[in-house]
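First the structure, in the form of structure tokens, and then the observations on it.
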Amino acid sequence: MAKQKLHDPGNKNSVVNFGAGWVVILYCLLMFFLYVGMCNDGANITAPNVEYLLGLETGTIMNMNSLAGLVGVVFFIIAGQINRKIGARLTSGICCIISGVAYILACNAPSVVLYTVAMCFVYGGIMSAGYVAGGTLVATWFPKKKGVVMGYTTMGHNLASAFYVQLVAILIAPMVTGMADIGQNFKTGIVPIGVGAIVLGILGMLFIRNTPQERGINPDNVSDEVYAAEYDTTDEVEGDGGWTTGKLLRTKELWLAAITTAFFQICSVGVMSQLVKRNVELGFQQQEAMNVMTILALGGVVGSWLVGVIDDKIGTKKTMVGFGIWYAVALLLNFTAVDQVTVLVYVSLFMIAMGIGGSANFTTSLPASIFGRHGFDKVNSVIFPIQGAVTALCFLVNGTVQLITGGQIRMAYLVFAGVALVNVVLVLLVNEHRYNRDFAAQNK
């Protein structure tokens, strides 16, 4: 028999009243900003500069980024174990600091080998901070509002898409008189961004807390009455929740959650990391292409929030199915244009904008829906390395297509559209709340 509904909603329906949780939300937003800037969208400007400085063929750096992303999986595994031992607060702070130092070294590397090694630590560091530790924070602080909260945090993706490339362009622009100046200014202009990551890590270790109880509030900032009636309070969130690595790897839902969320990330990251170049390919001027990216990303802030709200209203599974169809249509519309800007291109760009941050919402939202907050740090330590390894393939697709086609990336959009449609089928196989104790407690 279902529990009788409480007369007092106890803040369980609010999408804005998170109390001290807003500190966690802002922290995760900033980590996502740095992740997208340093690893994904920033490649629109960093890849050509590094290739110029090192005398490399176009597409080489994208392939090195893909390799770094794959190697970074080892970092994710280590970070996942550290996260379980010392908590998300310290893990995220340490990883932010590592990524900041490595980013400065990567953009000043004297060889492609040293660049790739440094980027392994950039990918491993900032992705572990935002997804391994940050994902644990979201699942622990907001187990039933994780959809809208991820909508807020992934606004960092959109803001990075809007401003990161422009920011780097401004930082490297002063006193430019030739390509040599561009190269030197690029090296020094990257430093403030790396320092920013270091500072964020220090602030995180000082002000973030691992659980909402440490700040005197309940998960989702609900009232004590709602927490007692609609959440599983039989044991502490800390611990492995009965999971072992072997048991998780033998669980169908873990693989479905990892692969489906990663496939959407492949589509989104693969498109956004080369969107400026694609727009130039269609006929936009360089600055126009950057401006278009900024406008789309700002519009995508609304899309991130909207995807999160829909997630909480109708469920993560249904939201992912709709998202996959939406994104596939957007990419197919963009693919129709060869070398000119058409009406369909503008429609596709709007649709892409609405989905920029949406794909990242699911990386935490779906695992949290399936497994819940109990033992989530253990679940995440296994699931995210798989997500990261699969997501890194987007750079391999982009790099390979560019090398084969002489720099064109249009065909990559067709590949990503196919991935999105295949993913819709996989999502339909997911049992959305299979191991979620809070969901079970609410529906007893």
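The values are calculated or read from the model by the stated rules, or taken from the named source; none is laboratory data. If you're wondering where the values come from, they're calculated on a predicted model, not measured in any experiment. In this analysis, Cβ positions are derived from the backbone assuming ideal geometry, glycine residues included, and neighbour counts consider all displayed protein chains. Protein only, heavy atoms only, side chains kept; ligands, DNA and RNA dropped before computing areas. Shrake-Rupley method; radii C 1.70, N 1.55, O 1.52, S 1.80 Å.
The shape of segment 253-382 comes out prolate: with a ≥ b ≥ c from the C-alpha gyration tensor, a/c is at least 1.5 and a/b beats b/c.
With respect to the chain, whose longest principal axis is taken over its alpha-carbon atoms, helix 410-427 is tilted by about 10°. Based on protein heavy atoms only, the chain ends up with 38 Å² per residue of surface accessible to a 1.4 Å probe. Approximating the spin labels as points 7 Å out from Cα along Cα→Cβ, the Q286-to-I202 distance works out to 3.5 nm. Computed with every protein chain present, the accessible area of E57 is close to 120 Å² [probe 1.4 Å].
Between N443 and Q340, the modelled label-to-label distance comes to 5.3 nm, taking each label 7 Å out from Cα in the direction of the beta carbon. Overall, the accessible surface of the chain at a probe of 1.4 angstrom is composed of carbon and sulfur to the extent of 69 percent. Largest first, the three principal axis extents of the alpha carbons in the chain are 70, 44, 39 Å in whole numbers. I need to check one value: relative contact order of the chain, counting alpha carbon pairs closer than 8 Å and at least 6 residues apart, in percent. Once normalised by length, the contact order is 27 percent.
Of the whole protein surface, H433 contributes about 60 Å² of accessible area at a 1.4 Å probe radius. Charge tally for L90 (other residues, Cβ to Cβ under 12 Å; Lys, Arg +1; Asp, Glu -1): +4. When the C-alpha to C-alpha distance is required to be over 24 Å, the pairs from K145/K378; K146/K277; K85/K317; K85/K313 that qualify are K146/K277; K85/K317; K85/K313.
With the whole protein complex present, R215 retains an accessible surface near 110 Å², based on a 1.4 Å probe.
Spin-label pair S223-V347: with each label point 7 Å from Cα along the Cα-Cβ axis, the two points sit 4.9 nm from one another. Rounded to the nearest whole Hz, the Karplus-based 3J(HN,Hα) values (6.51 cos²θ - 1.76 cosθ + 1.60, θ = phi - 60°) of segment 207-216 follow the sequence 10, 7, 10, 5, 10, x, 4, 5, 9, x, with x at glycine and proline.
Does segment 344-444 classify as rounded, prolate or oblate by the C-alpha gyration tensor (a ≥ b ≥ c root eigenvalues; a/c under 1.5 gives rounded; else a/b over b/c gives prolate, otherwise oblate)? The shape class here is prolate.
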